[in-house]
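The values are calculated or read from the model by the stated rules, or taken from the named source; none is laboratory data. Fair warning: this is a prediction, and the values are worked out from it, not measured in the lab. Heads up, the Cβs are rebuilt from the backbone with ideal geometry, glycines too, and the neighbour counts pull from every protein chain shown.
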Amino acid sequence: MAEKLPISTTLGRYFLTDRIREEVNFRTTDQSRGVAPPPVQKPLPPGASVIALPGMDTVKIPSIDLVTAIGRRKSRRRFLADPLTLDELAFLLWATQGVRAVQHEAAVLRVVPSAGCRHPFETYLAVQRITGLESGIYRYLPLDHALVQEQPAGVDITARLTAATHGQRFAGESAVTFIWSAVPDRTEWRYAEASYKVIAVDAGHVCQNLYLACEAIGAGTCAIAAYRQDLMDELIGTDGYDEFVIYLAPIGKVR
């Protein structure tokens, strides 16, 4: 007789299946009840100013064919001291959350797929070496293709990122670290309890685009899913329940 698995293992494996979908009464979801969908982009903090990013029609990014980008893709943990340009940052943000079209409040088409077109993520940036930007914590505004500074300069990003990732030094040595938070309500509006697996799957879509985009600009990244939840949420200012860090990826120039 096979050994009985711990409840935690059983629940974890259950989470990876799609059996939950058969148990959800989709006629009771907020969408089915006519509740307005959650905003697809968090509002600006009071008094915040918006920093426009170069548009994709003007950025200067070297072309790279897809076969080459896929073939060269790998996790990179050693970064040069060189900064990224604002054009390069704009390109990476567009590649991971760029908006192609706004059909209506519940359908914003982007360059990455998302279950039900819900796009449950916000993108925060721990900026250390971006030409034209002071260091600090920023958030990407995909509907505007712009940035808002969430925390002023002076945040010790190097030490806090290293501590929040269980001592992974390369996390604090990046030019910029992409930090994705999840806003579960966006997906729950349509899928209720069936949301959580697809939110995790969606995070993979976003990060793979980042890996490939890095290959075009002579940069590298290594995704991190092992971190101190409390410290990461504190760093970007999320509450840890309605919004919380789900994934991050330090980025820097490489040889």
## Note on the structure
Filtering region 80-113 down to residues that are surrounded by 22 or more Cβ atoms within 10 Å (Cβ to Cβ), touching a Pro at 6+ places or on another chain (Cβ under 8 Å) and touching a residue at least 60 places away in the same chain (Cβ under 8 Å) yields Q97
### Message
Within region 15-34, take every residue that is surrounded by fewer than 12 Cβ atoms within 10 Å (Cβ to Cβ) and in a helix (DSSP H, G or I) and give me the one that is modelled with the lowest pLDDT.
### Response
L16
### Query
Among the candidates A175, A200, A225, A216, which residue alone is farther than 19 Å from V155 by Cβ, over 16 Å from the mean Cα position of the chain (by Cα) and in contact (Cβ under 8 Å) with a residue 12 or more places away in the chain?
A216
### Message
Quick check on region 228-255: of everything there that is under 21 Å from R72 (Cα atoms), buried (at least 21 other Cβ atoms within 10 Å of the Cβ) and not β-branched (V, I, T), which residue is farthest from the chain's Cα centre (by Cα)?
### Response
G252
### Extreme residue, surrounded by the fewest Cβ atoms within 10 Å (Cβ to Cβ), among residues of region 163-178 that are part of a loop (DSSP other than H, G, I, E, B) and on the phi < 0 side of the Ramachandran plot
Q168
#### Entry: Matching residues in region 71-103 - criterion: being in a helix (DSSP H, G or I), among the aliphatic types (A, V, I, L, M) and touching a strand residue (DSSP E or B) at 6+ places or on another chain (Cβ under 8 Å)
L86, L89, L92, L93
